[in-house]
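Only one structure is covered here, and it is reproduced in the block below.
What follows is calculated from the coordinates using simple rules that are stated; it is not laboratory data. Computed from a predicted model, the values in this text were never measured in an experiment. Cβ: placed from backbone, ideal geometry, glycine included. Neighbour counts: every protein chain shown.
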Amino acid sequence: MIGAEGLRLMAGYNRWMNERLYASCATLSDEERKRDRRAFFRSIHGTLNHLLLGDRAWLGRFTGRPVPFRSLDQDLYADFAELRGQRAETDAAIEEFCRELTDERLAAEIDYATQAGKRYRHPLGPAVLHLFNHQTHHRGQITTLLSQLGIDPGGTDVILYYRERSAQT
């Protein structure tokens with residue numbers, strides 16, 4: 001299982017990639033971002049909202065402060081600038097959470113309920129790893145939609161973030 005240091009790397013990558021992705025999405029009109037593209041969460045904007053909702057839900061589970069929501073496709077923010085600002089705040093909260101992680105904490109069990117009310121209990125580590133995997137999955141969907149629109153969001157690989165970060169230190 002990935003340790004605390006690896007999850008801190010993923011938290012930094014998550015922020016870096018979201019900043020890049022939102023910059024690419026900002027080149028689109030609001031109408032283009034919200035157009036139904038037959039994606040799982042319909043539009044680029046809908047997928048960005050889902051990612052934010054998912055991260056907040058998981059952070060709430062990790063910290064024992066559940067975040068209520070109606071559905072996985074709930075539109076949290078119709079305004080792109082507000083959505084982008086909230087994404088940045090949530091990424092900062094994820095980084096802060098991961099800064100405080102220890103391998104012992106990752107092995108400790110968490111107990112939470114899904115949106116449907118089903119309860120689960122398991123170690124924290126796999127759940128934090130899921131948060132980052134979920135991000136990668138849906139960001140991949142968004143980069144595909146952007147590519148279909150002729151927008152190149154650039155490289156998305158973790159190793160690119162690692163190299164950039166390493167060059168700065």
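Restricting the search to the stretch 46-75, which residues are closer than 14 Å to Leu21 by Cβ and loosely packed, with under 15 Cβ neighbours inside 10 Å? Walk me through how you get there before you give the answer.
Here is the first cut: in the stretch 46-75, the residues closer than 14 Å to Leu21 by Cβ are 47-52, 55.
Matches in the stretch 46-75: none.
Please name all residue pairs, on different chains or six or more residues apart, with Cβ atoms under 7 Å, provided the first residue is in the stretch 7-36 and is more than 15 Å from Arg165 (Cα to Cα) and without any contact (Cβ under 8 Å) to a residue 60 or more places away in the chain and the second residue is basic (Lys, Arg) and not in a loop (DSSP other than H, G, I, E, B).
Asp36/Arg42
Looking at the stretch 25-125, what helices (runs of 4 or more DSSP H) fall wholly within it and have at least 2 residues that are under 17 Å from Leu145 (Cβ atoms)? Step through it out loud before you land on a result.
Working: elements: 30-34, 44-63, 80-99, 103-107.
In the stretch 25-125, 30-34, 44-63, 80-99 are the helices (runs of 4 or more DSSP H) which contain 2 or more residues that are under 17 Å from Leu145 (Cβ atoms).
Look through Ala113, Ala127 and report the one residue that is farther than 24 Å from His45 by Cβ and surrounded by fewer than 16 Cβ atoms within 10 Å (Cβ to Cβ). Talk me through it step by step, then tell me what you get.
Values: Ala127 fails: surrounded by fewer than 16 Cβ atoms within 10 Å (Cβ to Cβ).
After applying the criteria, what remains is Ala113.
Going by the structure shown, is Ala113 touching a helix residue (DSSP H, G or I) at 6+ places or on another chain (Cβ under 8 Å) and aliphatic (A, V, I, L, M)? Reasoning before the result, please.
On the way: touching a helix residue (DSSP H, G or I) at 6+ places or on another chain (Cβ under 8 Å): no; aliphatic (A, V, I, L, M): yes.
No.
Search the stretch 30-45 for residues being over 21 Å from Gln86 (Cα atoms) and not aliphatic (A, V, I, L, M), and hand back the single one that is surrounded by the most Cβ atoms within 10 Å (Cβ to Cβ). Steps first, please.
We begin by selecting, within the stretch 30-45, every residue over 21 Å from Gln86 (Cα atoms); these are 35-40.
Remaining after also requiring not aliphatic (A, V, I, L, M): 35-38, 40.
Numbers: Arg35: 15, Asp36: 8, Arg37: 19, Arg38: 7, Phe40: 12.
The selected residue is Arg37.
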